[in-house]
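See structure below.
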Amino acid sequence: MTRRVRLDGANRRVRLGQHFLVDPYVVDEIVQLAQPRAGERFVEIGPGRGALTGPLLDAGAIVDAVEIDAALVRQLRQRWPAKELTVHLEDALEFDYACVAPADLRLIGNLPYYLSTPLLFRLLERPGVFRDITVMLQREVAERLCAQPGSRRYGRLTVMAALRCRAEWRLSVGPDAFRPRPKVESAVVRLIPDSDARIEAPKSFERLVRQAFSQRRKTIANALRPMASKEHIQAAGIDPSLRPEQIAVADYARLAERLRRSLGQGARTVSG
Ligand code: SAM
């Protein structure tokens, strides 16, 4: 069910992460990164007062904007009544992106901080819908997306994104670019879904990665004890004494596949 939000000004700003972009240089950089062309279809998450929406429409793009704040939706519809802009009064976490277009959709947004991690997990469930994703995030989330194995930020989000996308760090943005100023730094990341990224049982993979990073201080053998034996881990070419953050996405994929096959041969079958 869609959450409709009616709050007064200050509460609305805080609850919905309303830090509006006011730096024209940053707006321009983000639009340059996305390179909108006439007739291309974009979904914009959290259009707010339209800092990114305007330049997208100026470039001739067709925009479906998803905004949860009814007052902002009203303003956007009044400002751009054009048929090229459809504003959906909806929660981006629940929005059905495939209903805009089943594939080749371009996604853009200056995401509210509270929403970015759950939303990224949601978008990563259906990477085939998107041609590319250009998002402003809290710097720490951007670091997690772009982290390398062995680094402190490498975790579940990194692995789930790396399975399906190439993540590119494109721009660092300071608090002065927004009003009101947020307390944290931001960054723009581009995610390019990888059409070759195929995995037989994505849900099993996700369960494995979730389990591994639920105990990231332990060795991978100990962290995965409820799901995988040391022998399984070794057979997938992984040193069981490594920590979860030292293991590359391809190794997790190989282990998930091995577990799926060995369970499939046993009494239980794990699917999807
Ligand atoms: N794009 C605008 C800009 O750059 O100035 C606004 C960005 S502001 C950081 C985030 C926007 O997301 C706000 O307009 C806020 O109301 C909206 N928002 C917050 N939670 C949302 C949700 N669950 N679904 C859709 N929009 C949401």
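Are any residues in region 171-198 of a type in the set (Lys, Arg) and crowded, with 16+ Cβ neighbours inside 10 Å, and if so, which ones?
Passing the criteria: only 190.
Which ones in region 162-190 are free of Cβ contacts under 8 Å to residues at least 60 places away in the same chain and either under 21 Å from residue 259 (Cα atoms) or not assigned by TED's automatic domain parsing to the domain that holds residue 16 (or both)?
Selection gives 164 alone.
Restricting attention to region 142-160, which residues are out of contact with any Lys or Arg (no Cβ under 7 Å at 6 or more places or on another chain) and more than 11 Å from residue 209 (Cβ to Cβ)?
Correct list: 142, 145, 146, 148, 149, 150, 151, 152, 154.
Can you tell me how many residues within region 121-151 are more than 16 Å from the ligand (Cβ to nearest atom), aromatic (Phe, Trp, Tyr) and surrounded by fewer than 21 Cβ atoms within 10 Å (Cβ to Cβ)?
Within region 121-151, the first condition is being more than 16 Å from the ligand (Cβ to nearest atom), and the residues that meet it are 124-132, 143-151.
Still in the running and aromatic (Phe, Trp, Tyr): 130.
Narrowing further to those that are surrounded by fewer than 21 Cβ atoms within 10 Å (Cβ to Cβ): none.
So the answer is 0.
So residue 33 fits all but one of (1) touching a Ser or Thr at 6+ places or on another chain (Cβ under 6 Å); (2) within 12 Å of the ligand (Cβ to nearest atom); what number is the exception?
The number of the failed condition is (2).
Exactly one of these conditions fails for residue 203: (1) among the basic types (Lys, Arg); (2) within 18 Å of residue 146 (Cα to Cα); (3) assigned to a helix (DSSP H, G or I). Give me its number.
(2)
With the structure loaded, tell me whether residue 58 is assigned by TED's automatic domain parsing to the domain that holds residue 178 and in contact (Cβ under 8 Å) with a residue 60 or more places away in the chain or whether it fails that test.
Taking the combined requirement at face value, the residue does not satisfy it.
Go through region 87-99 and give me each residue that's in contact (Cβ under 8 Å) with a residue 12 or more places away in the chain and within 14 Å of the ligand (Cβ to nearest atom).
Let us first name the residues in region 87-99 that are in contact (Cβ under 8 Å) with a residue 12 or more places away in the chain, namely 87-95, 97-98.
87, 88, 89, 90, 91, 92, 93, 94, 95, 97 - these are the residues of region 87-99 that are in contact (Cβ under 8 Å) with a residue 12 or more places away in the chain and within 14 Å of the ligand (Cβ to nearest atom).
Consider residue 153 against the criteria (1) within 12 Å of the chain's Cα centre (by Cα); (2) closer than 23 Å to residue 252 by Cα; (3) at pLDDT 95 or above: it satisfies all of them except one. Which criterion is unmet?
Residue 153 satisfies all of (1) within 12 Å of the chain's Cα centre (by Cα); (2) closer than 23 Å to residue 252 by Cα; (3) at pLDDT 95 or above except (1).
So which residues in region 97-120 are surrounded by fewer than 15 Cβ atoms within 10 Å (Cβ to Cβ) and under 23 Å from residue 199 (Cα atoms), if there are any at all?
Selection gives 98, 102, 103, 104, 118.
Given the criteria on the phi > 0 side of the Ramachandran plot and modelled with pLDDT of 95 or more, does residue 39 qualify?
Details: on the phi > 0 side of the Ramachandran plot: yes; modelled with pLDDT of 95 or more: yes.
In short, yes.
I'd like to verify a number: residues in region 138-155 that are assigned to a loop (DSSP other than H, G, I, E, B) and either polar (S, T, N, Q) or touching a residue at least 24 places away in the same chain (Cβ under 8 Å) (or both), how many?
Number of matching residues: 8.
Residues 24, 47: which one is away from the ligand (no atom under 11 Å from the Cβ) and assigned by TED's automatic domain parsing to the domain that holds residue 107? Write out each step before concluding.
Working: 47 fails: away from the ligand (no atom under 11 Å from the Cβ).
When all the criteria are applied, what remains is 24.
In a helix (DSSP H, G or I) and among the basic types (Lys, Arg): is that true of residue 210 in this structure?
Taking the combined requirement at face value, the residue satisfies it.
The values are calculated or read from the model by the stated rules, or taken from the named source; none is laboratory data. Worth saying up front: this structure is predicted, and the values here are computed from it rather than measured. Counting neighbours? That spans all protein chains shown, and the Cβs are built from the backbone with ideal geometry, glycine included.
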